[in-house]
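Written below as structure tokens is the structure these notes are about.
The values are calculated or read from the model by the stated rules, or taken from the named source; none is laboratory data. What you see is a predicted model; the values in this text were computed from it and never measured. In this analysis, Cβ positions are derived from the backbone assuming ideal geometry, glycine residues included, and neighbour counts consider all displayed protein chains.
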Amino acid sequence: MKTLPIETTINGDNTEFLCHADESLLDVLRDRLGMTGSKEGCGTGDCGACSVMLNGRLVCSCLVLAVETQGAEVETIEGMANGEELHPLQRVFLEEAALQCGVCTPGILVAAKALLEKNPNPTDTEVRYWLAGNLCRCTGYDKIIKAVQTAAAEMRSA
Amino acid sequence: MAFDAQTHREFKVVGTRVTRPDGIDKVTGKAAYGADISAPGMLHGRILRSPHAHARIVSIDTSAAESLAGVKAVVTGADLAQPEDDFFADVAINCLARDKVLYDGHAVAAVAAKSKSIAKQAIRLIKVDYEILPHVTDVDEAMKPDAPVVQEGRALETVPRGMSQNVTTHCQFGHGDLDAGFAKADKIIERSFKTAATHQGYIEPQACMASLGSDGRGEVWCCTQGQYMVRQNCAAVLGVEESQLRITSSEIGGGFGGKTSTFIEPVALALSRKSGKPVKIVMTRDEVLKATGPTISTSMDIKIGMTQDGRITAARGELRYSGGAYPNETVDMGAQAAFAAYDLPAVETIGWNAMTNRPKEIPYRAPGAPTSIYAVESVVDELCQELGLDPLDVRLLNAARKGTLSSYGPTFNEIGLVATLEAAKAHPHYTAPLGPNQGRGLSCGFWFNFGGNTCVSLNINDDGTVGVVEGNPDIGGSRASISMMAAEELGVPYDKVRTVIADTSSLGFNDITDGSRVTFAVGLATIEAARAAIKEMCRRVAKIWDIDEEAVIWEDGCAKPAGPNAGTHPPMALAEIAAIAGKTGGPIAGHHEVNADGAGVSFGVHLCDTEVDPETGATKILRYTVFQDAGKAVHPDYVEGQMQGGAVQGIGWALNEEYIYGEDGRLQNAGFLDYRVPVASDLPNIETVILEIPNPGHPYGVRGVGETPIVPPLAAIANAVSRAAGVRMTELPMSPPRLLKAMTG
């Protein structure tokens, strides 16, 4: 199978890569670009561990073909902190112990950021439904929901 | 090692909520898990799996796959050693089948190729000729004398003759006169229960990268709960020496017991040996569900007698567990745990294991206990309903306490059950009003907890910081709690300590991260290692001050003269001692090696409110509170996290999760869409109440906390649902169709 040249923007950087037509965006991120922060938990769009933003929309990168990102804007967990400065969600997740094993955490952070950009003042129920596509098997979600709300309050008052 | 004599110890670090040391990497995507590393020249491995529940392998033709461009190696069971030891032989044939496939998904052959897509293509070119055999997936069916036999000649000597060859284990525990006990009862209830197999459901599939040379030297990077266990298994299955294998554990994306065995590491090593290249294998989710270890499936009978005022007079349980296609002794733990919460005059628990054509059971958080305790606690609840008694009062009346002869033999030492029940009774949740179609359930839970083999090295660095080297993968924040205990003992700030997890060549043997043992046993060894380092620092200072070693004490991170007779030397801080270590005898370190006992059993009580929908059979969890004795909560955030996470896994087990097999013996729901674990919108907040009844077996009183929280939810929810629905539920999961059927008769 021939590879195809793709030009896209990832976390603000112009990025060119070659890929096969059947490769997912997740495979390209992880295997070709060395961006392993997005995780594959299922490969079928059920767990959300590979969540990224594609042109401002929250998607499972395992369900996006890499060739579809031609000319697109992709944001991943690797672009969430600003240098040394963590995004408030990242910092509060640490402060409030909203992670245990941490493997779902990148996807949950990307999804939570997307929520707060759309809805800076969500109810707990809204947070729970928005994150229903992101499986976490360690925490029971309790501390995750609280951390999202703490970060949301902080971001509103900033 | 006993609980410290000082009864009113003021902890400075232990009990605080510090930030975990691996946190930044985990919120920025930098942390390296099993699938996250690559090597130059690396090949991609993929495994061919049986589509049949049970079949004889007549032949395997790998020639077409081998000749596909880009394929560098193909292996089958013939490429692995045949260990004589039964345990390792089972590991080997579970990694790659030999004569028979024992379940849908059983590995048959594997390839290594230049790319994932070539590997995928190549396994389709392997031709396996199967002779299909009759299969059995239900435990009760498997115990029938005429059931298809999964494996022959595997029964232990304890199994009576004349039973199906599938029955491999028989155990029995108890004491007292059952007949006399039941004769004293005013009410006896006997019920049968069934529970489906569930999966640990860790979000990170098994993944490894392995390299093995023709000289027998190898390296493995993998996500595991125990690098030393991986080394033992790989050495046995590959026929190489342990000293020649170096296993490094990656960050681990969940385990819950499920990563306490090996499935792919020996296969990757075999492919690497054959191809001469590093080989990476990453399981897909359907492989994880089909071919790694779910929990047991069960069938159970429970009979309990009670007086009108709520005293249990006798109790009997018979448990039939299936641990899949191999002999399995999880039922032993289920039988021991079943009645552990009660002080009983007469009790008997009998257990059986029967093989079925299902994947090999691998431990899942308190293995064996959630199901047997579910059955017991359901019958206790029904007795309370029938006799009009308060379920918490009945449990308090019958609760095991210090001095109770437990249902499985030992006499309990200091335990926290009564305190935990009293906390539940005093909590506003217990008396909050309920609406229509709503019910409240409660259950006790119990887990043994383990200690086990543990090595820790603690190094005092020249700049006054401290390095702790331990050998257990950090599955939920243990590096933080271990650093905290080192800091506490040495009297230095938490951020001066860094704890790392050693590979198998850098530290002596450690048991796997299981049995809720790490904070207990590694913590204990860390405290002892710190004490050894302190002793050495005091010795060095005594030399400097020219006084007796015994005249130097350690306080607040400093060596000090023990009293006025020792002189008026100003205290020397750890950093000062470290800075001149080269002049006083060389580097300073402490280490400790132990097979720790005294883990201290753990009890929990869960309270749950549910609402059932009479039209759909769906259950909503309205409120959930977990009460648990942690001994001493080293890092309360992560103790709460264990309590919340365990409760939610139990909620999944109670309401939705199940292995569904078709008539053809194939797994019908091998994906997260159909094997439904709880999601955020299914749940309320999980409230937590930590009790601290010190464990006499640990210097700070720590008990393991990780497993107990999955034990009570099954019964707590079943009792809540049964009360809400007005019908006793005796089968898990209580999925909407099952509940609807029960409610509509």
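Among all residues of region A:53-62, there is none that is surrounded by 18 or more Cβ atoms within 10 Å (Cβ to Cβ), more than 21 Å from B:Ser115 (Cβ to Cβ), modelled with pLDDT of 95 or more and within 11 Å of chain B (Cβ to nearest Cβ). All but one of (1) touching a residue at least 40 places away in the same chain (Cβ under 8 Å); (2) in a helix (DSSP H, G or I) hold for B:Val677, so report the exception by its number. Only one criterion is unmet by B:Val677, namely (2). Residues of region B:388-410 being within 15 Å of B:Ala346 (Cα to Cα) and aliphatic (A, V, I, L, M), which ones? The answer is B:Ala399, B:Ala400, B:Leu405. Looking at this structure, is B:Gly216 at pLDDT below 95 and closer than 22 Å to B:Arg49 by Cβ? No.
So if I check each of B:Pro684, B:Pro694, B:Pro678, B:Pro699, which one is surrounded by 21 or more Cβ atoms within 10 Å (Cβ to Cβ) and within 14 Å of chain A (Cβ to nearest Cβ)?
Among B:Pro684, B:Pro694, B:Pro678, B:Pro699, only B:Pro678 is surrounded by 21 or more Cβ atoms within 10 Å (Cβ to Cβ) and within 14 Å of chain A (Cβ to nearest Cβ).
Which strands (runs of 3 or more DSSP E) sit wholly inside region B:185-228 and have at least 3 residues that are surrounded by fewer than 20 Cβ atoms within 10 Å (Cβ to Cβ)?
Result: B:187-195.
Only one of B:Gln172, B:Gln165 is out of contact with any helix residue (DSSP H, G or I) (no Cβ under 9 Å at 6 or more places or on another chain) and more than 14 Å from chain A (Cβ to nearest Cβ). Can you tell me which? Show your work before the answer.
Working: B:Gln172 fails: out of contact with any helix residue (DSSP H, G or I) (no Cβ under 9 Å at 6 or more places or on another chain).
Residue meeting the stated conditions: B:Gln165.
For the residues B:Ala81, B:Ala119, B:Ala97, B:Ala92, the requirement of being in a loop (DSSP other than H, G, I, E, B) and surrounded by 20 or more Cβ atoms within 10 Å (Cβ to Cβ) singles out B:Ala97. Can you find a residue that is within 8 Å of chain B (Cβ to nearest Cβ), among the hydrophobic types (A, V, I, L, M, F, W, C) and surrounded by 22 or more Cβ atoms within 10 Å (Cβ to Cβ) anywhere in region A:6-17? There is no residue in region A:6-17 that is within 8 Å of chain B (Cβ to nearest Cβ), among the hydrophobic types (A, V, I, L, M, F, W, C) and surrounded by 22 or more Cβ atoms within 10 Å (Cβ to Cβ).
Filter region B:708-735 for residues that are assigned to a loop (DSSP other than H, G, I, E, B) and not hydroxyl-bearing (Ser, Thr, Tyr); which is farthest from the chain's Cα centre (by Cα)? Checked region B:708-735; the qualifying residue farthest from the chain's Cα centre (by Cα) is B:Gly726. If you go through region B:532-589 and keep only what is closer than 21 Å to B:Val492 by Cα and among the acidic types (Asp, Glu), you end up with B:Glu536, B:Glu555, B:Asp556, B:Glu576. Any residue at all in region B:471-481 that's buried (at least 17 other Cβ atoms within 10 Å of the Cβ) and β-branched (Val, Ile, Thr)? Yes, there is a match, as at least one residue in region B:471-481 is buried (at least 17 other Cβ atoms within 10 Å of the Cβ) and β-branched (Val, Ile, Thr).
Could you tell me which numbered condition B:Val702 fails, if it satisfies all but one of (1) closer than 28 Å to B:Arg191 by Cα; (2) among the β-branched types (Val, Ile, Thr); (3) in a loop (DSSP other than H, G, I, E, B)? Exception for B:Val702: condition (1).
Residues of region B:347-377 that are touching a helix residue (DSSP H, G or I) at 6+ places or on another chain (Cβ under 7 Å) and more than 19 Å from B:Met333 (Cα to Cα): B:Thr356, B:Pro359. Residues of region B:44-88 that are free of Cβ contacts under 8 Å to residues at least 12 places away in the same chain and among the hydroxyl-bearing types (Ser, Thr, Tyr): B:Ser63, B:Ser67. Residues in region B:297-316 that are of a type in the set (Ser, Thr, Tyr) and over 31 Å from the mean Cα position of the chain (by Cα) were compared, and the one that is surrounded by the most Cβ atoms within 10 Å (Cβ to Cβ) is B:Thr313. Please verify whether region B:528-549 includes one or more residues that are loosely packed, with under 15 Cβ neighbours inside 10 Å, free of Cβ contacts under 8 Å to residues at least 40 places away in the same chain and β-branched (Val, Ile, Thr). Checked region B:528-549: no residue is loosely packed, with under 15 Cβ neighbours inside 10 Å, free of Cβ contacts under 8 Å to residues at least 40 places away in the same chain and β-branched (Val, Ile, Thr). Applying the set (1) farther than 19 Å from B:Ser297 by Cα; (2) in contact (Cβ under 8 Å) with a residue 40 or more places away in the chain to B:Pro712 leaves exactly one unmet item: (1).
For region B:27-42, a tally of residues being over 15 Å from A:Cys104 (Cβ atoms) and either facing chain A (nearest Cβ under 9 Å) or β-branched (Val, Ile, Thr) (or both) returns 4. The condition (being within 22 Å of B:Gly201 (Cβ to Cβ), in a strand (DSSP E or B) and within 14 Å of chain A (Cβ to nearest Cβ)) is satisfied by just one residue among B:Gln649, B:Gln644, B:Gln628: B:Gln628. When you go through A:Leu115, A:Leu86, A:Leu109 one by one, which is the residue that is over 20 Å from B:Ile24 (Cα atoms) and either in contact with a helix residue (DSSP H, G or I) (Cβ under 8 Å, 6 or more places away or on another chain) or modelled with pLDDT of 95 or more (or both)? After ruling out the rest, the residue left standing is A:Leu115. Of all residues in region B:415-436, those satisfying the criterion of being surrounded by 16 or more Cβ atoms within 10 Å (Cβ to Cβ) and assigned to a loop (DSSP other than H, G, I, E, B) are B:Ile415, B:Gly416, B:His427, B:Leu434. If you filter region B:653-675 down to residues that are buried (at least 24 other Cβ atoms within 10 Å of the Cβ) and within 13 Å of chain A (Cβ to nearest Cβ), you find that the one that is nearest to B:His635 (Cα to Cα) is B:Trp653.
Consider A:Val74 carefully, then state whether it is under 28 Å from B:Pro713 (Cβ atoms), among the hydrophobic types (A, V, I, L, M, F, W, C) and out of contact with any Phe, Trp or Tyr (no Cβ under 6 Å at 6 or more places or on another chain). Spelling it out, it is not the case that A:Val74 is under 28 Å from B:Pro713 (Cβ atoms), among the hydrophobic types (A, V, I, L, M, F, W, C) and out of contact with any Phe, Trp or Tyr (no Cβ under 6 Å at 6 or more places or on another chain). Only a single criterion out of (1) more than 7 Å from chain B (Cβ to nearest Cβ); (2) closer than 20 Å to A:Leu115 by Cα is not satisfied by A:Glu78, namely (1).
Within region B:256-277, is there a residue that is of a type in the set (Asp, Glu), over 22 Å from the mean Cα position of the chain (by Cα), closer than 13 Å to B:Thr504 by Cβ and at pLDDT 95 or above? Within region B:256-277 (the criterion being of a type in the set (Asp, Glu), over 22 Å from the mean Cα position of the chain (by Cα), closer than 13 Å to B:Thr504 by Cβ and at pLDDT 95 or above), the answer is no, since none of the residues qualifies. If you go through region B:231-267 and keep only what is free of Cβ contacts under 8 Å to residues at least 40 places away in the same chain and crowded, with 24+ Cβ neighbours inside 10 Å, you end up with just B:Cys234. Here is a check on your reading of the model: is B:Ser443 within 26 Å of B:Thr195 (Cα to Cα), part of a strand (DSSP E or B) and of a type outside the set (D, E, K, R)? In short, yes.
If the condition is being away from every other protein chain (no Cβ under 14 Å) and crowded, with 18+ Cβ neighbours inside 10 Å, then region B:482-493 contributes B:Ile482, B:Ser483, B:Met485, B:Ala486, B:Ala487, B:Glu488, B:Glu489, B:Leu490, B:Val492. All conditions in (1) surrounded by fewer than 22 Cβ atoms within 10 Å (Cβ to Cβ); (2) more than 8 Å from every other protein chain (Cβ to nearest Cβ); (3) closer than 30 Å to B:Gly201 by Cβ hold for A:Gln70, with the sole exception of (3).
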